[in-house]
Amino acid sequence: MPADDLILANARMLDGNGFAGASESWLRIADGVIAEISEKPISSEVARTIDLKGRTLMPGLIDCHVHVTAITVDPGRTAMLPDVTVAFGAARIMKQMLMRGFTTVRDVGGATRPLAQAEEAGQIEGPRLVFCGKALSQTGGHSDYRGFVDNRSAESQTYRLGAMGRVCDGVDAVRHAARDEIRQGAQFIKAMANGGVSSPTDPINFQQFSIPELEAIVEEAANAQTYVSAHLYTDEAISRAVRCGVRSVEHANLIEPATARLMKVRGAIACPTLVAYEALHKDAKALGLPDVSLAKNDDVRLRSRGSLEILQRAGVTMAFGTDLLGELHKYQSDEFTIRAEVLPPIEVIRSTTCYAAELLRMTGEVGSLQVGVFADLIAVDGDPLENMSLLGGQGDHLSLIVTAGRVVKNTIDDNGFPSRTGWPLTTFQAQIQATIVAMMCYVC
Ligand SMILES: [Zn+2]
């Protein structure tokens, strides 16, 4: 899709990296990337200028733990839905994420290469998608949704778009599964290495996969020049996985200080997902989630804020994650305010900018305001360091969203005031689209 040549004037820049919200600056976008940043006005004959009038300009937000194909709150049910149903649902979820300001997301179980390609090609509108294909799970593990009395073959879910994971047991089988995901384009490997909330037969404190299996998965990922992300709650499971070489520790709710220090020494990065438990707690009864999952949810929810303190004290890098399913996706941006109850605001900002880029191994491409990175940008009506809820809701306080130089939301007129129509570019784009459709009908 064509990018817009744009100048953003009078921006108060905040990326948690070099820019921590200081002085007003000018930023020029060309060919989808940031082409120039200056403290003096920039002018151009070809670029359009939008005056941000001191609004906060940030890199587009990055969420490192999502499941875009989780179109219902019940992963077992979603796994059985037709691929077409899941694809359309995923497209809607991705669009909503983009409108909350998330311009890059890492899918940690479910999304496949064709979805990422559809976004890249402009067939669907959503965040840039980093994906691992299907998460690897042992029989009875966190992505085996068959329950106690369902004896269908586990393979029935392996190639379904709605399935978050695939089942594999034994060193040879996990190697095959990891290689098969990499063959299909996986950019990293996800392993379910601990019991989970939404799966029916595995209490939270179950260890999943043997040490040789985990080591084999890590080796296969390393052979493909990538890393392993693992679903982990308990202290023992985290310690075991990090010793096996897991780099991205998802959730980490029940971590203890010694294991946090081990993570720091090994260079592992944490991806907590606190809003997932709060959202489930809030809405699960209404959504009909079984009592067993609700009880498991409280086991991890009540320790989640403490885990942030432990990780912070050990100096572990924490990236932003949410892990919401189905109808609960609307709470995605609540993660900012929940974290801000425990962490300094600048650390919360970094979790969704530079730390997230580091976890995705995309430093220099996303998550910062510097020349050469993708022009993924949001303008916030106010200062998130003072009021983190400005990043919340459904993007209500974001007056500009740009992805790879393309404006997808703009409620500011060129002079910096809230636009009277509210959506000037969208309306303009709609007119162009209508004209093209009319021309195509004429040609046909
Ligand atoms: Zn997850």
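Scan segment 362-385 and tell me whether some residue there is part of a helix (DSSP H, G or I), within 23 Å of A279 (Cβ to Cβ) and open to solvent by less than 50 Å² (accessible area, probe 1.4 Å). Looking for residues that are part of a helix (DSSP H, G or I), within 23 Å of A279 (Cβ to Cβ) and open to solvent by less than 50 Å² (accessible area, probe 1.4 Å), one finds none in segment 362-385, hence no. Condition (residue is modelled with pLDDT of 50 or more, exposed (fewer than 15 other Cβ atoms within 10 Å of the Cβ) and farther than 18 Å from Q96 by Cβ) applied to segment 388-411: is it met by at least one residue? For segment 388-411, residues modelled with pLDDT of 50 or more, exposed (fewer than 15 other Cβ atoms within 10 Å of the Cβ) and farther than 18 Å from Q96 by Cβ: absent. Considering (1) within 16 Å of the ligand (Cβ to nearest atom); (2) at positive phi; (3) in contact with a Phe, Trp or Tyr (Cβ under 9 Å, 6 or more places away or on another chain), the lone condition that L136 does not fulfil carries the number (2). Evaluating L161 against the criteria (1) of a type in the set (A, V, I, L, M); (2) open to solvent by less than 10 Å² (accessible area, probe 1.4 Å); (3) outside any helix (DSSP H, G or I); (4) more than 21 Å from V242 (Cβ to Cβ) leaves one unmet condition, (2).
Assessment of segment 324-336 against the conditions (more than 16 Å from the ligand (Cβ to nearest atom), touching a residue at least 40 places away in the same chain (Cβ under 8 Å) and open to solvent by less than 20 Å² (accessible area, probe 1.4 Å)) yields at least one matching residue.
Based on what the data block shows, is R301 more than 16 Å from the ligand (Cβ to nearest atom), farther than 17 Å from L360 by Cα and either hydroxyl-bearing (S, T, Y) or modelled with pLDDT of 90 or more (or both)? No; evaluated as a whole, the condition is false for this residue. Taking the criterion of being part of a helix (DSSP H, G or I) and open to solvent by 40 Å² or more (accessible area, probe 1.4 Å), the residues of segment 347-361 that qualify are R350, Y355, E358. Among L81, L115, which is away from the ligand (no atom under 16 Å from the Cβ) and surrounded by fewer than 20 Cβ atoms within 10 Å (Cβ to Cβ)? Result of the check over L81, L115: L81.
I'd like to check something: does segment 278-291 contain any residue that is in a helix (DSSP H, G or I), within 14 Å of the ligand (Cβ to nearest atom) and closer than 28 Å to R77 by Cβ? Scanning segment 278-291, I find at least one residue that is in a helix (DSSP H, G or I), within 14 Å of the ligand (Cβ to nearest atom) and closer than 28 Å to R77 by Cβ, so the answer is yes.
Annotation note: Cβ proximity below 6 Å between a residue of segment 160-171 that is under 9 Å from K134 (Cβ atoms) and within 14 Å of the ligand (Cβ to nearest atom) and a residue that is part of a loop (DSSP other than H, G, I, E, B) and among the basic types (K, R) (sequence gap 6+ or interchain) occurs for G165/K134. The listed residues are G89, G101, G60, and the only one of them that is away from the ligand (no atom under 16 Å from the Cβ), at positive phi, of a type outside the set (S, T, Y) and modelled with pLDDT of 95 or more turns out to be G101.
Checked against the criterion of being under 19 Å from the mean Cα position of the chain (by Cα), modelled with pLDDT of 95 or more, within 28 Å of R261 (Cα to Cα) and within 16 Å of the ligand (Cβ to nearest atom), the candidates A356, A340 yield just one match: A356.
Comparison of R261, R243, R266, R247 shows that the only residue that is among the basic types (K, R) and closer than 18 Å to G109 by Cα is R247.
With respect to A237, determine if the residue is away from the ligand (no atom under 16 Å from the Cβ), of a type in the set (A, V, I, L, M) and either under 25 Å from R179 (Cα atoms) or assigned to a helix (DSSP H, G or I) (or both). No; evaluated as a whole, the condition is false for this residue. Quick check on my filter: what residues within segment 250-277 are within 15 Å of the ligand (Cβ to nearest atom) and assigned to a loop (DSSP other than H, G, I, E, B)? Hits for segment 250-277 are P272, T273. Which of the residues belonging to segment 208-225 are away from the ligand (no atom under 16 Å from the Cβ) and either in contact (Cβ under 8 Å) with a residue 60 or more places away in the chain or crowded, with 19+ Cβ neighbours inside 10 Å (or both)? Matches in segment 208-225: F209, E213, L214, A216, I217, V218, E220, A221.
The values are calculated or read from the model by the stated rules, or taken from the named source; none is laboratory data. Because the structure is predicted, anything quoted here is derived from the model rather than measured. Neighbour counts run over all protein chains shown; Cβ positions are idealised from the backbone, glycine included. For the accessible areas, the whole protein counts, side chains as well, though only heavy atoms, and no ligand, DNA or RNA atoms are used. Shrake-Rupley method; radii C 1.70, N 1.55, O 1.52, S 1.80 Å.
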